[in-house]
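Participant: Let me begin by handing over the structure; questions about it come next.
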Amino acid sequence: MRIGGDAFDLVAKTVVIAAGAHSKALAAQAGGHVPLDTERGHHVEFDMETPQVSRPVCPTERGFYLVPISGRLRVAGTVELGGLSAPANSHRIALLERGARDIFPDLGKPDRTWLGFASRCRILFR
């Protein structure tokens, strides 16, 4: 297989595409079709001097994690397959916020919410 770019031109017997959520598009550029979708994880963060937990905690019946990070508490979970271009799912964000408040009723308004992307597939061309 030949791979090239602006500053290089390589010939290789094996090529591994390990670009996470962007692997499907890169594989298509190389002529491959990979049935891969993007795993999207929703996150809600509350800024605070000292988080209420000292290590990651998962209330298993709720399906999310409470993760202490320096200066904030992250509530993360509710993973879905949804591609790279769809907006964050406001319902999933609300579930995380509500679940965190059920455990810690005195939490203020979240300081930020965001959506992260991942993929658990490596693509190998020969």
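Participant: Taking residue 84, is it closer than 30 Å to residue 5 by Cα, among the aliphatic types (A, V, I, L, M) and not assigned by TED's automatic domain parsing to the domain that holds residue 9?
Facilitator: When the stated conditions are applied, residue 84 passes them.
Participant: If you take the residues of the range 102-126 that are charged (D, E, K, R) and at pLDDT 85 or above, which of them is surrounded by the most Cβ atoms within 10 Å (Cβ to Cβ)?
Facilitator: So the residue we want is 111.
Participant: When the range 1-59 is examined, which residues are found to be exposed (fewer than 10 other Cβ atoms within 10 Å of the Cβ), in the same structural domain as residue 96 (by TED's automatic domain parsing) and touching a residue at least 60 places away in the same chain (Cβ under 8 Å)?
Facilitator: none
Participant: Let me ask something else. Just checking: which of the strands (runs of 3 or more DSSP E) contained wholly in the range 1-101 hold 3 or more residues that are modelled with pLDDT of 80 or more, closer than 15 Å to residue 118 by Cβ and not aromatic (Phe, Trp, Tyr)?
Facilitator: 39-47, 72-81
The values are calculated or read from the model by the stated rules, or taken from the named source; none is laboratory data. Only a predicted model underlies this, so the values are computations on that prediction, with no experimental measurement involved. Backbone-built Cβ (ideal geometry, glycine too); neighbour counts: all protein chains shown.
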